[in-house]
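Below is one structure; the comments refer to it alone.
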Amino acid sequence: MEYTNNKESCAIGNMNLRDLTILDAKEGLKNKQFSAVELTQAALDQIKLQDKNLNAFITVTEKEALESAKHADTLIAQGVDLALLGIPIALKDLFSTKGIRTTAASNVLDDYIPQFDATVVTKLKSAGAIIVGKTNCDAWAHGSSGENSDFGPAKNPYNLEYVPGGSSSGSPVAVAAGMSLMATGTDTGGSIRLPASFCNVVGLKPTYGRVSRYGIVAMASSLDSIGHFTKTVADNALVLGVTAGQDPLDATTPNRDVPDYSRFLKQDLKGIKIGVPKEYYAQGLDKKMQKLAENALGVLKSRGATVIDITLPYSQSAIAVYYIIQTAEVSSNLARYDSIRYGNDRSYFGEEAKRRIMLGTYVLSAGYYDAYYKKAQQVRTLIVDDFKKAFEQVDAIVAPVSPTSPWKIGAKTDDPLAMYLSDIFTVTANIAGLPGLSVPAGFIDGLPSGIQILGPHFSEEKLYHIGHAYEQETQFWKEAPQV
Ligand code: GLN
């Protein structure tokens, strides 16, 4: 099939990468509609065309990508079948990539080149994926908007004056704008679900430990989860099958089977009980966002689900607990950047990292430890118990991802507290180690927003089942940005 670059957008024949899912691309490669080199070139051309405006990438790996694509074409010709063979993907710039600069979007690591791949990177490469580049994010993954990046903020592809959500900001932008078919992220307090929601793509935060954290720049080690962005739920299920599983290099990954997640994608929700926590639909929730979430519940009901009111009373303490435990762990993890082995010296840390190092050091210091850190750990257990009780009643919980739709770039940069409050609905899943799936749920004043589906530990297949049934009815992902 003919490959065209018509300047408006990069396309293969009459297919635009913005409209192409991984499953479509696999089909196209199999039927020889296009080659892996053509597909990769289309992604690279889209980056060249769009990324001046979007700033989704910190590093583009054109040469390596085309070499891997050529190799993928050889394998395809030999009849090799791998889950992601020939599929262009992007990695959040927190994922260590051997021989490729990995910055964590911070000037501290601006010229750091790792000597090894993160486990997830190794798995994705072994599955045949083609890495087109490293995506922009808040420095060290600290943030909700992408504006803390030392490389300048990524932009929302639906309106360049708005934030794409953070901290994994460039990854969902890359997927939404057709610059890659999948991109990875990290979610410590919402950094996959929030930007997925703001960019009209699907984002999975897996159960803590489901995907290895080895080789990924740590933010807060008891909260960090490694996940990914795709256009559809089916694509997402395919990728988790590749990345999940036990890793001898990360002791928090259990020896537990990785199911074929695609088997759980069903159309109807008969017998599924969905919990609606009253604390998530209360004060602080924007009226239009409330309407959007209620519409989503209506769709779930129409597919056969039963919707049940539940309560998660300790959620009101979640932001406080999160900003104590998270900053404590951040202050410890960032202590390793001493410029002795690699990286620049500590004067290169930005404002937000410094703020968190100070807060974290404070809550851990003698005299304050019991009042803050220990207390936060105790309340963490109460939040875990809240969810345990809820999941005795329901299969999953459905709630808005964020209290508001995307905001204008700059609107919250002078008010860290306002920025922190945008995580109010997402941090609970990290505190309890639960999986959460963000799915596109419509538009508010022209900007996308999603809903999140939360489930018990290791219930990813259930989240995919519900998300897929919802997506079949709504198809919001098809609404491409006009970049
Ligand atoms: N926005 C949250 C924070 O700034 C979450 C960050 C994340 O998940 N990496 O802490």
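Read-outs: derived from the displayed coordinates by stated rules, not from any lab. Here the structure is a predicted model, which is why all the values come from computation and not from measurement. All Cβ positions, glycine included, derive from the backbone under ideal geometry; neighbour counts span all protein chains shown.
If amide hydrogens are placed 1.01 Å from N in the peptide plane, which non-local residues have theirs closer than 5 Å to the one on T59?
Excluding prolines and chain starts, which carry no amide H, the hits are K134.
At a threshold of 8 angstrom on Cα-Cα distance, excluding pairs fewer than six apart, so keeping six or more, what relative contact order does the chain reach in percent? Numbers along the way, then the final one.
On the way: 1170 pairs, mean separation 82.2, N = 483.
Averaging sequence separation for qualifying contacts and normalising by length gives 17 percent for the chain.
Considering only Cα-Cα distances, which of the following residue pairs are longer than 19 Å: K30/K123; K278/K408; K288/K408; K123/K231; K30/K478; K287/K389?
Working: K30/K123 22 Å; K278/K408 28 Å; K288/K408 17 Å; K123/K231 21 Å; K30/K478 23 Å; K287/K389 29 Å.
Flagged as over cut-off: K30/K123; K278/K408; K123/K231; K30/K478; K287/K389.
Describe numerically, in nm with one decimal, the distance between label points set 7 Å from Cα along Cα→Cβ at N31 and at L160.
Distance between label points: 3.6 nm.
Applying the Karplus parametrisation 6.51 cos²θ - 1.76 cosθ + 1.60 with θ = phi - 60° to the phi angles of the stretch 162-174, what ³J(HN,Hα) value in whole Hz is obtained for each residue in order, glycine and proline being reported as x?
Working through the residues one at a time gives 10, 6, x, x, x, 7, 6, 6, x, 5, x, 5, 4 Hz.
Can you compute 3J(HN,Hα) from phi for each residue in the stretch 448-462, using the Karplus curve 6.51 cos²θ - 1.76 cosθ + 1.60 with θ = phi - 60°, rounded to whole Hz and x for Gly and Pro?
x, 8, x, 10, 10, 10, 10, x, x, 3, 6, 10, 3, 5, 5
Looking at the chain, identify the longest residue range that excludes and avoids all chymotrypsin sites (Phe, Trp or Tyr not before Pro) in DSSP loops having at most 15 other Cβ atoms within 10 Å.
The reported range is 117-341.
Using the count of nearby Cβ atoms within 10 Å as a rough guide to exposure, how do E471, E479, E38 rank from fewest to most?
So the residues, fewest neighbours to most, are E479, E38, E471.
Expressed in nm², what is the orientationally averaged projection area of the convex hull enclosing the Cα positions of the stretch 179-310?
Convex hull of Cα atoms, orientation-averaged projection: 9.9 nm².
Order these by the 10 Å Cβ neighbour count, fewest first: H228, H457, H468. List each step's numbers first, then the result.
Working: H228 32, H457 17, H468 23.
Arranged by neighbour count, lowest to highest, H228, H457, H468 become H457, H468, H228.
7 Å from Cα along Cα→Cβ at both D260 and D309: what's the point-to-point distance in nm?
Result: 4.3 nm between the two label points.
Going by the alpha-carbon gyration tensor, a ≥ b ≥ c the square roots of its eigenvalues, is the stretch 40-146 rounded (a/c under 1.5) or, if a/c is not under 1.5, prolate (a/b greater than b/c) versus oblate?
It comes out prolate by the Cα gyration axes.
Just rank L17, L94, L417, fewest to most, by other beta-carbon atoms within 10 angstrom. Write out the running numbers ahead of the final one.
Values: L17 22, L94 32, L417 9.
Taking fewest neighbouring Cβ atoms as first place, the list is L417, L17, L94.
Hey, what D do you get for the stretch 98-220 in µm²/s if you plug the Kirkwood alpha-carbon radius into Stokes-Einstein at 20 °C and 1.002 mPa s?
148 µm²/s
Which whole-Hz ³J(HN,Hα) couplings does the stretch 407-413 yield from phi under the Karplus relation 6.51 cos²θ - 1.76 cosθ + 1.60, θ = phi - 60°, glycine and proline marked x?
10, 5, 4, x, 4, 10, 5
Considering amide H positions built from the backbone, and no H for Pro or chain starts, which residues 5 or more places from V307, or on another chain, come under 5 Å of its amide H?
Close amide H contacts, sequence-distant or interchain: I274.
Taking every DSSP beta bridge with both residues inside the stretch 24-139, roughly what % is antiparallel (nearest 5)?
Within the stretch 24-139, antiparallel bridges account for around 45 percent of the total.
What number in nm² do you get for the stretch 350-405 if you take the convex hull of its Cα atoms and divide its surface by four?
Over all viewing directions, the stretch 350-405 projects a mean Cα-hull area of 6.2 nm².
Taking a ≥ b ≥ c as the square roots of the Cα gyration tensor eigenvalues, with a/c under 1.5 meaning rounded and otherwise prolate when a/b beats b/c, else oblate, which class fits the stretch 340-483?
Oblate, because a/c is 1.5 or more while a/b does not exceed b/c.
Mind giving me the nanometre distance, one decimal, between the label points for V80 and K388, set 7 Å out from Cα along Cα→Cβ?
A separation of 4.7 nm, rounded to one decimal place.
Rounded, prolate or oblate: which fits the stretch 154-241 when a ≥ b ≥ c are the square roots of the eigenvalues of the alpha-carbon gyration tensor, with rounded for a/c under 1.5 and prolate only if a/b beats b/c?
Note, shape of the stretch 154-241 comes out oblate.
Give me the number: length gained by fully extending K288 to T404, i.e. 0.36 nm times residue separation minus the C-alpha to C-alpha distance, one decimal in nm.
Stretched fully, the K288-T404 segment lengthens by 40.9 nm.
Using a Förster distance of 22 angstrom, determine the FRET efficiency expected from the C-beta separation of D111 and D415, and round it to 0.05.
Rounded to the nearest 0.05, the efficiency is 0.10.
With viscosity set to 1.567 mPa s at 4 °C, what whole-number translational diffusion coefficient in µm²/s follows for the chain from Stokes-Einstein and a Kirkwood radius over Cα pairs?
The Stokes-Einstein estimate is 59 µm²/s.
Mind checking Rg over Rh on the stretch 329-425, alpha carbons, Kirkwood formula for Rh?
1.07
Collect residues whose amide H, placed 1.01 Å from N in the peptide plane, falls under 5 Å from the amide H of M182; neighbours closer than 5 in sequence don't count.
For M182, the qualifying residues are A90.
At 222 nm, what value in deg cm²/dmol follows for the chain if DSSP H runs of at least 4 each add -39500 (n - 2.57) and the sum is divided by all its residues, to the nearest 500?
-11000 deg cm²/dmol
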